[in-house]
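Okay, so here's the structure we're looking at.
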Amino acid sequence: MTKEELAEYLKLELYMGYQRTGNKLFDYIWCRFFRPNSNAVYHIRKMLYFNKKYRGGLCKLHSMILIRRYGININPESTIGKGLYIVHPTSICMTKVRIGENFTIMQNCTLGAKLLGECDFSETPCVGNNVTMYANSIVIGNVKVADGVTIGCNSLVL
């Protein structure tokens, strides 16, 4: 991910689900620092950017902020397309997954491998474009979720 791509992703995702007031500075400060949805997505994007670019401490810093503040644990080697929207940023766990564009996820969701230690793209889910995961849903194993799918509350997809 380049710096330009990061800026494009953040410009699109920072204000998702937010009705702007017209004051650009207020909107930016509110969404970047005080709105949990936007703040979580900001740290996810920064973590993915620094992992691809430097593989160093800044990636771990953003990862720790996500874990401590929101309980969101995402493998930094995951690939997530633009349009990520987290409605309630709590208790989300993702191993090394591939996610398409316009992905919406609610609280307490898991995307991961069937067995502990399997952290290869061939053993984890691949999610298509325009997919929505509702609360407490789980997608585990080598599963291909097609484009435009809605995964309902308390669903288990194997």
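The numbers here are math on the coordinates, done by the rules we state, and not lab data. The model shown is predicted, which means the values in this text are computed figures rather than measured ones. All Cβ positions, even for glycine, are placed from backbone atoms using ideal geometry, and neighbour counts span all protein chains on display.
Given the options 84, 115, 25, which has the most mean-square fluctuation in a GNM of the chain, springs set between C-alpha atoms less than 10 angstrom apart? Comparing 84, 115, 25 in a Gaussian network model of the chain, the most mobile one is 25. In a DSSP loop and with at most 16 other Cβ atoms within 10 Å, the trypsin sites (Lys or Arg not before Pro) in the range 6-59 are 20, 55. Once C-alpha pairs closer than 8 Å and six or more residues apart are averaged by separation and normalised to the residue number of the range 1-96, the relative contact order reads 29 percent.
Mean residue ellipticity, 222 nm, helices only, the chain: the sum of -39500 (n - 2.57) across DSSP H runs of n ≥ 4, divided by residue count and rounded to 500, is -9500 deg cm²/dmol.
For the range 65-70, backbone phi angles converted through the Karplus equation (6.51, -1.76, 1.60; θ = phi - 60°) give residue-by-residue couplings of 4, 4, 5, 6, 7, 10 Hz, Gly and Pro being listed as x. Spatially close Lys pairs in the chain, defined by Cα atoms under 21 Å apart and a spacing of eight or more places or different chains, total 25.
Computed from backbone phi with θ = phi - 60° and the Karplus coefficients 6.51, -1.76 and 1.60, the 3J(HN,Hα) list for the range 145-154 is 8, 6, 5, x, 8, 10, 9, x, 4, 6 Hz; x is used for glycine and proline. In plain terms, the chain from residue 146 to residue 129 could stretch by 5.4 nm, reckoned as 0.36 nm per residue minus the Cα-Cα distance. If you filter the range 19-63 for chymotrypsin sites (Phe, Trp or Tyr not before Pro), then keep DSSP loop positions with at most 11 other Cβ within 10 Å, what is left? For chymotrypsin sites (Phe, Trp or Tyr not before Pro) across the range 19-63 that sit outside H, G, I, E and B with at most 11 neighbouring Cβ atoms in 10 Å, the list reads 54.
Charge dipole of the chain (Cα centre as origin; +1 on each Lys and Arg Cβ, -1 on each Asp and Glu Cβ, all else neutral): 560 debye, rounded to the nearest 20.
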